[in-house]
Amino acid sequence: MRYLEFLQGMDPSMPLKEYHKKRNFKVTAEPYGRAGRRTRGIYMIQKHAASHLHYDFRLELAGFLKSWAIPKGPSLDPHIKRLAVHVEDHPIQYATFQGTIPKGHYGGGTVMLWDQGKWECLDANANLAYKKGNMTIELHGKRLRGKWKLVRTRIPKNWLLIKITDMYARSESDFIITQKYVRSVTTKQPMNEIASHKKPIKKRKKVSA
Ligand code: MN
């Protein structure tokens with residue numbers, strides 16, 4: 001701990017301790033990241049083809065990305081409660097990460113940036129709502145929009161993500177958003193292209209004859 005941080009009575013790198021401990025930054029392309037960088041409520045989902053496919057749902061709160069792994073991904077159907085397993089905080093720098101994590105390492109597999117945007121907490125105090133494990137949020141993503149509930153169950157690491165009925169709600173019987181969008185929200189690549197380290201195809205310049 002540096003002296004200045006000691007004087008401030010806190011070590012801002014502490015929340016990333018678990019994140020750093022789980023990874024070997026000599027082999028993974030994931031960012032090491034630093035604490036304390038604040039943005040204005042960014043939100044993203046990374047589709048992660050690890051040993052079990054899941055969708056990593058992240059909300060920026062107080063300088064970190066609060067993270068939940070959703071095995072089945074989000075559903076726009078208000079009748080469906082999706083298990084969201086709370087995992088370790090990720091650094092803000094993780095927000096744009098897309099690529100592969102070597103096999104045999106923590107999270108080994110391919111990561112696709114599936115959605116990105118902003119979020120806002122509709123509760124008076126976002127930190128308090130998070131601590132209480134009962135958040136009402138609004139997502140302003142490219143794919144997910146509208147109001148959602150994020151609630152902790154009796155098993156502390158298990159939360160539920162539930163769509164609130166609004167103009168963005170859709171019945172799962174006629175619209176499954178995880179099937180509708182199978183490409184990266186930024187590079188438009190499918191999973192196998194990201195896995196094979198192909199560069200996204202850029203618009204070619206017109207070749208004059
Ligand atoms: Mn993951």
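Against the test of being within 16 Å of the ligand (Cβ to nearest atom) and of a type outside the set (Phe, Trp, Tyr), the options 122, 83 yield a single qualifying residue, 83. Looking across segment 59-80, the residues that are within 15 Å of the ligand (Cβ to nearest atom) and either outside any strand (DSSP E or B) or among the polar types (S, T, N, Q) (or both) come down to 67, 71, 72, 73, 74. Give the residues of segment 132-167 that are over 29 Å from residue 189 (Cβ atoms) and part of a strand (DSSP E or B), sorted by residue number. Residues satisfying the conditions are 134, 135, 136, 147, 149, 151, 152, 158, 159, 160, 162. If you check 74, 102, 156, 78 for being over 24 Å from residue 178 (Cβ atoms) and modelled with pLDDT of 95 or more, only one passes: 156. Go through segment 90-131 and give me each residue that's assigned to a helix (DSSP H, G or I) and either within 20 Å of residue 34 (Cβ to Cβ) or aliphatic (A, V, I, L, M) (or both). Passing the criteria: 92, 93, 94, 95, 96, 126, 128, 129. For segment 17-40, filtering for residues that are surrounded by 14 or more Cβ atoms within 10 Å (Cβ to Cβ) and at pLDDT below 90 leaves 2. State yes or no: is residue 84 closer than 18 Å to residue 20 by Cα and among the small types (Gly, Ala, Ser)? Answer is no for this residue. In segment 86-103, what residues are under 19 Å from residue 51 (Cα atoms) and surrounded by 15 or more Cβ atoms within 10 Å (Cβ to Cβ)? Listed by number, the residues that qualify are 86, 87, 88, 97, 98, 100, 101. Among the residues of segment 43-55, at least one is among the β-branched types (Val, Ile, Thr), within 24 Å of residue 193 (Cα to Cα) and modelled with pLDDT of 95 or more. Annotation note: of 106, 43, 55, the sole residue that is among the hydroxyl-bearing types (Ser, Thr, Tyr), within 11 Å of the ligand (Cβ to nearest atom) and surrounded by 22 or more Cβ atoms within 10 Å (Cβ to Cβ) is 55.
The values are calculated or read from the model by the stated rules, or taken from the named source; none is laboratory data. None of the values given here were measured: they were computed from a predicted structure. All Cβ positions, even for glycine, are placed from backbone atoms using ideal geometry, and neighbour counts span all protein chains on display.
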